[in-house]
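The values are calculated or read from the model by the stated rules, or taken from the named source; none is laboratory data. Remember, it's a predicted structure, so these values are computed and weren't measured experimentally. Cβ atoms come from the backbone with ideal geometry, glycine included; neighbour counts cover every protein chain shown.
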Amino acid sequence: MSIHPATCKSPLAIAIATLLVPSLTHAAAEPALGEVVVTAARMQRPLEVVTDPKAPRQPLPAHDGADYLKTIPGFAVIRKGGTDGDPVFRGMAASRVNISVDGEQALGGCGMRMDPPTAYIYPETFDRVVVVKGPQTVLHGPGNSAATVIFERDRVRLATPGVDGEGSLLGGSFGRNDVVARLRLGNEQFQGELQGTRAQADDYEDGAGREVHSAYERWSGNGALAWTPDERTVVELTGALSDGEASYADRAMDGVKFARDNVGLKFERRELGEVLRKVEAQAYYNYVDHVMDNYSLRDFVPSAMMPAPAVSNPDRKTTGARAAVELALPRGAVATVGLDSQRNVHTLRSTMNQLTMPYELRARVEDARFEQLGAFGEFVVPAGGGRVVAGLRGDQWQARDQRETLRIGMSNVPNPTAKAQRDDTLWSGFARYERGQEDGPLTWYGGVGHVERFPDYWELVSAGKESLDSLSAFGTRPERTTQLDVGVISAGDTLSFSVSGFYSRVDDFILIQSGVPKGMRSVTVVRNIDAETWGGEADASWWIAPGWKAVGTLAYVQGQNNSDDRPLAQLAPLEARVSLSYEQAAWSAGALFRGVLAQDRYAVNQGNIVGQDLGPTPGFGVLSLNAGWRPRPGMLVSAGIDNLLDRDYAEHLSRSGAMVAGFEQTTRVHEAGRTLWLKLSAEL
């Protein structure tokens with residue numbers, strides 16, 4: 001039984017129980033709760049999924065953005081440990097999924113992807129998560145060949161002076177405990193807001209009782225000051241601080257520092273005239289300081305590669321800006337046009353012997369810098385009883401390789417692309433037609449999109465990667481994706497469903513391949529290949545009877561590496577989720593079954609900047625239960641048991657297990673066994 005004794009005796013669980021006692025007298029019957037525990041996010045508009053990250057959901061996600069996204073059909077996560085996995089949508093990972101945080105981009109620093117952008121996202125501090133499937137928008141930055149994910153916060157002008165807040169406490173198996181709190185105060189003209197989070201978990205056990213090196217601890221603080229002189233104007237100053245540490249089951253080092261500093265300034269003015277509907281502008285600064293070592297969170301064991309305590313300390317400074325206007329055009333058309341830019345600088349300092357050469361005393365050395373300037377326009381035009389949505393953007397990219405030398409084995413050799421600079425102008429665009437059935441709930445759509453994606457830091461200059469004919473991968477060509485998206489949505493009173501399908505051709509797909517022989521060495525290379533993918537998602541909600549609701553989702557993707565005539569790597573197998581829930585007055589209960597088929601299409605040692613295929617995987621099924629209770633308005637108690645049958649399994653998309661002292665090594669990182677959790681959410 002994979003439950004620690006502390007599960008039911010933790011201080012957090014006792015605190016939750018204490019808070020509930022005074023509320024028992026308020027448990028009078030109320031209207032139906034709606035979805036108390038969200039088990040699947042449905043597509044309600046063409047190619048767009050909108051979900052509430054504050055709603056409790058099952059399986060219980062970790063505190064970061066990737067584990068939140070994995071509950072949306074089409075998403076998977078490349079598992080590394082208990083946190084900081086990389087999100088994958090329709091088989092596309094890393095910078096192919098564009099992550100926007102309140103209009104900003106936060107890029108991680110780790111050359112081994114310990115800290116993808118979603119590692120710095122605490123979902124419950126946001127009001128809304130929007131996923132736009134495929135290359136079907138140009139408004140949120142470049143490179144969205146797979147999807148655009150937008151984490152958003154609402155800014156509400158207070159009608160009268162006052163104070164409000166909300167918070168949540170969560171306790172669960174394996175020492176899991178989370179605290180989230182928000183406080184807002186102000187009046188019609190000035191508002192201030194503070195948010196804080198803390199999340200912690202011990203090493204979990206998989207379904208076979210094996211302990212997995214996966215513990216983490218994180219905290220974050222966010223603040224905002226807004227000036228709203230009238231109902232149409234907002235000027236806002238924001239700031240954020242966060243830090244933490246995390247153990248990893250897939251590598252020889254752990255993350256002992258994930259410090260992030262952020263400052264942003266926004267301006268928005270609406271209803272300026274009959275034509276000019278809105279003006280918005282923002283600027284931001286993000287700094288990430290990351291430290292990884294092989295001794296703080298694990299027993300240090302000397303090896304041939306790391307004979308002494310070793311530390312690596314990358315950092316990245318990102319500055320950016322965006323300005324856009326929304327225009328009302330003749331015949332009911334609307335246009336949004338604007339500019340965005342970003343500049344980021346990456347540096348690194350490290351030591352192979354912290355005892356004799358502390359990394360703190362070493363100078364930071366810049367290894368790369370990137371600059372991007374983009375212009376975009378997106379239009380919505382009524383046409384033929386429906387509407388046409390179309391957009392175009394152009395991006396000017398500049399990258400500079402600042403590495404003087406490269407590490408080859410135990411030696412440093414001259415970098416053949418030292419101080420090289422590359423400049424690329426890339427284009428993206430899309431067009432989509434949407435139409436709703438007259439006097440009916442049916443909406444159908446079809447669209448074509450094209451994205452030219454500039455190679456990212458991990459594909460161009462991250463350590464340990466070469467091209468087939470050079471020690472440097474800095475000459476890797478941009479990726480060009482052309483995709484067809486089609487689908488239908490039906491929103492009925494008792495039955496709602498949506499089906500979306502896609503076909504994508506990727507020219508110069510950037511493939512990462514390990515174990516490639518090069519002379520006397522075995523190396524990891526970056527290659528451009530031609531590839532194609534196809535598949536889709538489906539979901540349905542059916543109100544079977546009063547209080548009873550069934551929800552089902554399906555996600556499938558398949559791909560081909562046309563250059564090598566073999567399957568495209570890192571594609572998740574077919575996955576289905578079915579849930580049944582019952583809601584009555586202030587109570588709800590439900591069950592969720594997740595079934596995943598075996599994956600026998602793979603390409604060993606090929607993949608992306610996060611991971612490579614390891615071989616076939618068997619199918620599995622996981623059953624979970626949940627319940628919810630509103631003891632009074634503004635308060636929700638939810639609980640669940642994830643992986644009820646204590647199934648031992650690993651996802652197909654997983655990093656390979658590493659040898660960590662005191663832990664059993666497995667081929668993949670296995671998932672948690674039976675997990676109990678209890679959560680209290682309250683509004684003030």
Just one of the numbered conditions (1) buried (at least 22 other Cβ atoms within 10 Å of the Cβ); (2) assigned to a strand (DSSP E or B) is not true of residue 174; which one? (2)
Going through region 487-534 one residue at a time, which ones are aromatic (Phe, Trp, Tyr) and touching a residue at least 60 places away in the same chain (Cβ under 8 Å)? 502
List, please: which pairs have Cβ atoms under 8 Å, are six or more places apart or on different chains, and start with a residue in region 196-219 that is under 15 Å from residue 170 (Cα atoms) and end with one that is assigned to a loop (DSSP other than H, G, I, E, B) and among the polar types (S, T, N, Q)? 201/83; 201/214; 218/83
For region 362-386 the number of residues that are at negative phi and either free of Cβ contacts under 8 Å to residues at least 60 places away in the same chain or of a type in the set (Asp, Glu) (or both) is 17
Does residue 78 meet the test of being out of contact with any Pro (no Cβ under 6 Å at 6 or more places or on another chain) and assigned to a loop (DSSP other than H, G, I, E, B)? no
Could you pull out the residue among 453, 477, 407 that is touching an Asp or Glu at 6+ places or on another chain (Cβ under 7 Å) and without any contact (Cβ under 8 Å) to a residue 60 or more places away in the chain? 477
For region 103-116, check the following and say yes or no: at least one residue is in contact (Cβ under 8 Å) with a residue 40 or more places away in the chain and in a strand (DSSP E or B). yes
Does region 573-583 contain at least one residue that is touching a residue at least 40 places away in the same chain (Cβ under 8 Å), closer than 30 Å to residue 523 by Cβ and assigned to a loop (DSSP other than H, G, I, E, B)? yes
Please go through region 405-427 and give me each residue that is of a type in the set (Ser, Thr, Tyr) and either within 24 Å of residue 43 (Cα to Cα) or surrounded by fewer than 17 Cβ atoms within 10 Å (Cβ to Cβ) (or both), ordered by number. 405, 411, 425
Residue tally, condition part of a strand (DSSP E or B) and touching an Asp or Glu at 6+ places or on another chain (Cβ under 9 Å), over region 205-242: 24
Whether any residue in region 555-577 is within 17 Å of residue 39 (Cα to Cα), of a type in the set (Ser, Thr, Tyr) and at pLDDT 95 or above is what I want to check. no
How many residues of region 413-441 are farther than 16 Å from residue 397 by Cβ and hydrophobic (A, V, I, L, M, F, W, C)? The answer is 4
Which condition number in (1) over 22 Å from residue 250 (Cβ atoms); (2) crowded, with 18+ Cβ neighbours inside 10 Å; (3) of a type in the set (A, V, I, L, M); (4) out of contact with any strand residue (DSSP E or B) (no Cβ under 6 Å at 6 or more places or on another chain) is the one that residue 324 fails? (4)
Any residue at all in region 533-541 that's part of a strand (DSSP E or B), out of contact with any helix residue (DSSP H, G or I) (no Cβ under 9 Å at 6 or more places or on another chain), of a type outside the set (A, V, I, L, M, F, W, C) and surrounded by fewer than 18 Cβ atoms within 10 Å (Cβ to Cβ)? no
